[in-house]
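Please read the structure below before turning to the comments.
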Amino acid sequence: MKKNLFLTLFLCLFTVTALQAQNKRSSIPLKHGAHRIGKRTDAEMQRWREHGLGQFIHWGVYAIPGGTWEGKYYPGAAEWIRSWKEMPKDAYDNLYKQFNPTAFDAKKWAKQAKEMGANYMIFTTKHHDGFCLWPSAYTDYTIASSPYKKDIVKQVVDAYTNEGIDVHLYFSIIDWNYQGYRSSPPVTRQDSISYESFKQFTRNQLIELLTNYPTIKGLWFDGSWDKAWMNEAAWVDQLGNELRAMHPGLVIGSRFRADEFGKRHYDTNGDLIDDYDQTWERDLPNSIEDLNGSDWDCVMTVPENQWGYHSEWRGYVKTDYDLIEMMVKAVSMDGNFVINFGPDGKGNIRPEETELAQKIGEWMKVNKEAIYGTHHSNVKKQDWGYFTQKGNKLYLCVFNKPINNRLMIEIPKGGIDLLKACFLENNQEVEIKSAGRNKRNSSLYHVVLPDSYQVVRPFVIVVDTEQKGSDKDEYQQAKI
Ligand code: FHN
């Protein structure tokens, strides 16, 4: 009997591995894999999909040391400082006694995010250190025990919601503070008892968050790569169902759970687990083909790899145009782009981030039409930048102005007619000229920029288009 079970399991695993090696989809019956093939089609998910730009905020007691301890510089991500050998755990676990962010003003943060053009935000309710920014009833390691005392999550949720910005709550499964937490699957009986209590604790906290903050739109999970958590596929799946039942429309990304074979993000059959692909962290896909047709987000740091506040950013720090280009690239491939901010221990957003938010906001004020609610365009990408599209409007988001001032557009036979092109910044019309056909029989066009046009920042040209009617002939195309 045991032998048969072993053989079946072995065959299943062998088939999965063999199919994966050939890069083919398998269809192993799964109880805890994806519960839907393809994208969600409801209004809440559509709303999420249309956001384009989001803000991430990493904030917690790690903002107090700000990446240094006793004069020593921690080279890792500031929010991980507790795991550094130079950082005494006891000292870290007592930092909350100093957490009194007197400069914290949720309304100011929310206003800044609004001006930057963010349509949604993700807020760290609890990072891996386990410190809760809400007064959780299930642990004392919370804001309520700090000198500050007031519920920070509530202030953030209310302030952003009042600005019309959707709030998603970041929640770390890893919890270095909770006694019962284990990263490896329990071995001893005591371990099992402890891990059971951790599971209940996690469930209680999630239910608590949804109960306390009913206006939030989604949960953004992190730290779910522990083997112990991945081994709990059935339990975690059930918890997900419970959370969704409590909060209809809830948006959950692919970092919450693994399937019964321990596959994360995409299940054993290659189908996306939950609502959107969360694998794009500090990285963007090269092309739409890398995305398996999934909804997705990209979360991005301003310096190389700092999420929480680090007093000294070393290495390359992204500029406003770096971030704008990444956002446009993400949106051109149907993704949302989320820029991270790490306020300091007093609650101030650092000046570099404030300046970036202002500059991005200035660009968004002029060009947001090319971002919000737009999607991938089938028009072939060109080296001058990216296309986005909404209905019959095609947006040419230009980051590399060609020396000949001509922006090439290639339209496959039977595609669209290009009717009129204008700068988004001032509505000034620009000429569209036919540039013949290529070998593939696609029509080529040049959007001709005025010689006098001085580029001072990335710009957008909006082109009104029309689906080619079947009765429209070559003459019609030549008119353009
Ligand atoms: O370990 C964390 C890290 O500190 C940060 O929170 C990022 C944000 O996506 N997530 C984890 C690494 O993937």
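Before moving on, here are some points about what is shown:
- Using alpha-carbon coordinates, inclination of helix 189-212 to the longest axis of the chain, degrees: 50 degrees
- Computed E for Ser197/Glu355 - FRET, C-beta separation, R0 60 angstrom, nearest 0.05: 0.85
- Computed 3J(HN,Hα) for the range 159-167, one whole-Hz value per residue from the Karplus formula 6.51 cos²θ - 1.76 cosθ + 1.60 where θ = phi - 60°, is 5, 5, 4, 5, 7, x, 9, 5, 10, glycine and proline marked x.
- For the chain, the longest principal axis of the Cα atoms and the long axis of helix 106-116 meet at an angle of about 20 degrees.
- Computed 3J(HN,Hα) for the range 49-65, one whole-Hz value per residue from the Karplus formula 6.51 cos²θ - 1.76 cosθ + 1.60 where θ = phi - 60°, is 4, 8, 4, x, 10, x, 10, 10, 10, 9, 8, x, 5, 4, 6, 6, x, glycine and proline marked x.
- Folded to 0 to 90 degrees: helix 320-332 orientation relative to the chain principal axis, Cα: 80 degrees
- The range 344-376 versus the range 315-337: alpha-carbon centroid distance in Å: 11 Å
- Placing a pseudo-label 7 Å from each Cα along the Cα-to-Cβ vector at Tyr138 and Glu431 gives an inter-label distance of 6.7 nm.
- Other-chain or far-sequence residues with amide H under 5 Å of Trp69's (modelled H): Tyr74
- Two-site FRET efficiency, Glu289 against Asn441, from Cβ-Cβ distance with R₀ of 22 Å, rounded to 0.05: 0.45
- By the Kirkwood approach, averaging reciprocal distances over each pair of separate Cα atoms, the chain gets a hydrodynamic radius of 24.6 Å.
- The range 385-476: Rg to Rh, with Rh as the Kirkwood radius over Cα pairs: 0.96
- The H on the amide N of Asp277, modeled in the peptide plane, is under 5 Å from the matching H of Asp295, Trp296, Asp297, each at least 5 residues off or on a different chain.
- Amide H contacts of Phe56 (H built 1.01 Å from N, in plane; Pro and chain starts excluded): Ile122, Ile339, Asn340, Phe341 sit under 5 Å, all sequence-distant by 5 or more or on other chains.
- Only the Cβ atoms of Lys and Arg (+1) and of Asp and Glu (-1) were treated as charged; on that basis the dipole of the chain about its Cα centre amounts to roughly 700 debye.
- Among 437-443, 33-39, the peptide with the highest mean count of other Cβ atoms within 10 Å heads the list, and the full ranking is 33-39, 437-443.
- Calculated [θ] (222 nm, deg cm²/dmol) that DSSP helices of n ≥ 4 give over the chain, each run adding -39,500 (n - 2.57): -8500 deg cm²/dmol
- Each Cα pair under 8 Å and six or more residues apart adds its separation to the average, and for the chain the resulting relative contact order is 17 percent.
Readers should treat all values here as calculations from the given coordinates under stated rules, not as data from a laboratory. Bear in mind that the values here come from a model prediction, so they are computed numbers and not experimental data. All Cβ positions, glycine included, derive from the backbone under ideal geometry; neighbour counts span all protein chains shown.
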